[in-house]
Amino acid sequence: MPEPIDAMSFEDALSELERIVRGLEGGQMKLEDAISAYERGAALRRHCDAKLGEAEMRVRAIVQNDDGSTGTEPLADTGETGR
């Protein structure tokens, strides 16, 4: 049984997504297997998008101070929703 997507790191999810894409592009899967792989691939893509969104928000929280050092500040709610 495959690892639950919500427990996967970005890197693991992206790696599995790449394997799925290669398999689908190969055209050698049975139809039902291809459909299942496509569905998992779509879920992996959404997971990767969410992880990237989280990372983007963390990076946005990093600020440069007047003395050139960096720090963080709390994020204001920008009203943006997930991708």
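The values are calculated or read from the model by the stated rules, or taken from the named source; none is laboratory data. Owing to the predicted nature of the structure, the values given are computational and were not obtained by experimental measurement. Here the Cβ is made from the backbone with ideal geometry for all residues, glycine too, and neighbour counts use every protein chain on show. Heavy atoms of the whole protein, side chains included, go into the accessibility calculation; ligands, DNA and RNA do not. Shrake-Rupley method; radii C 1.70, N 1.55, O 1.52, S 1.80 Å.
Points to keep in mind about this one:
- The angle separating the long axis of helix 31-60 from the principal Cα axis of greatest extent in the chain is about 10 degrees.
- Charge dipole (debye, nearest 20) of the chain; +1 at Cβ of Lys and Arg, -1 at Cβ of Asp and Glu: 340 debye
- Accessible area expressed per residue, the chain, with surrounding protein chains retained (probe 1.4 Å, Å²): 79 Å²
- Against the chain, whose longest principal axis comes from its Cα atoms, helix 10-26 is set at around 30 degrees.
- Fraction of accessible area attributable to carbon and sulfur, the chain (%, probe 1.4 Å): 52 percent
- As a calculated quantity, the FRET efficiency between Glu25 and Arg60 at R0 = 30 Å, using C-beta atoms, amounts to about 0.30.
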